[in-house]
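What follows is a single structure, written as structure tokens, with notes after it.
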Amino acid sequence: MPPPRRRPAPDPFAFPYRVDRAVDSLVVADHPALHRPALEVGARDDPRLDRLIDRMIAICAAAPGVGLAAPQVGVGLRVAIVWPPGADDLRDPTAPVVRPDPIELVDPVLVEVGEEVVWDAEACLSLPCVRGLHVRRPERVVVRAADRHGRMHEFAASGFIAEIFSHELDHLDGHLYPERAGELVYDPDFRPHAGEA
Ligand SMILES: [Zn+2]
């Protein structure tokens, strides 16, 4: 009998789903990646990190969404995209006319949480058929994170953009917005779209 073959160690960056079917590559609801804390990336300037972030941006654009966290594509690493909307997104009247570039967050840390709390409606690309009402979020957050090259950035956000940061950071800790929602509305025809994360 040949010796048992040793399985290669799993690659934490491996992207388990096809990116050319962008929206189909999102994992939903009870997928385990959505419910456990993601692991620190640590390394920077890794071509696998480049590939993961590029694919997440492509998926976020295709969905379309205003943010995406790696667990939503089945990757359990602390990587997220926050992509503030442009003026065509009616949810945010203060949005700039030209949509800004996506913000890359690698190993983001919440360094400040404002005391003021807002209760807004929310949905998630990973939770079709449901919307949250009165979702509790800080009105202001400050987040420190690396970009894909390891450069550190600090982002101070308020209002809708702070809600996106908070939503994505929750994903990295295995939390979904229903935990913060005062009410959930089930609607079998509802599909998250632009303005969701
Ligand atoms: Zn989400």
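Computed values, structure above
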item: Which listed residue is of a type in the set (D, E, K, R) and at pLDDT below 80, from Asp50, Asp30; result: Asp30
item: Yes/no for Arg137 being away from the ligand (no atom under 16 Å from the Cβ) and modelled with pLDDT of 90 or more; result: no
item: Members of the range 33-48 that are under 14 Å from Ala69 (Cα atoms) and assigned to a helix (DSSP H, G or I); result: Ala33, Leu34, His35
item: Single match in Ile59, Ile81 (criterion: buried (at least 21 other Cβ atoms within 10 Å of the Cβ) and in contact with a Cys (Cβ under 7 Å, 6 or more places away or on another chain)); result: Ile81
item: Criterion violated by Glu115 - all others in (1) closer than 23 Å to Ile59 by Cα; (2) more than 16 Å from the ligand (Cβ to nearest atom); (3) charged (D, E, K, R); (4) free of Cβ contacts under 8 Å to residues at least 24 places away in the same chain satisfied; result: (1)
item: Pair list, Cβ under 7 Å, 6 or more apart: the range 54-70 residue more than 23 Å from Arg36 (Cβ to Cβ), other residue small (Gly, Ala, Ser) and not in a loop (DSSP other than H, G, I, E, B); result: Ala58/Ala22; Ala62/Ala22
item: In the range 109-163, the residues that are surrounded by 22 or more Cβ atoms within 10 Å (Cβ to Cβ), of a type in the set (Gly, Ala, Ser) and out of contact with any helix residue (DSSP H, G or I) (no Cβ under 9 Å at 6 or more places or on another chain); result: Ala145, Ala162
item: For Asp189: the one exception among (1) within 15 Å of the ligand (Cβ to nearest atom); (2) at pLDDT below 95; result: (1)
item: Subset of the range 57-72 [more than 11 Å from the ligand (Cβ to nearest atom) and small (Gly, Ala, Ser)]; result: Ala58, Ala61, Ala62, Ala70
item: Boolean, Glu104 is modelled with pLDDT of 95 or more, assigned to a loop (DSSP other than H, G, I, E, B) and more than 16 Å from the ligand (Cβ to nearest atom); result: no
item: Filter result for the condition that a residue is charged (D, E, K, R), in a helix (DSSP H, G or I), under 26 Å from Pro47 (Cβ atoms) and within 14 Å of the ligand (Cβ to nearest atom), over Glu163, Glu168, Glu179; result: Glu168
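The values are calculated or read from the model by the stated rules, or taken from the named source; none is laboratory data. Since the model is a prediction, treat every value here as computed from it, not as a measurement. Using ideal geometry, Cβ is built from the backbone for each residue, glycine included, and neighbour counts are taken over all protein chains shown.
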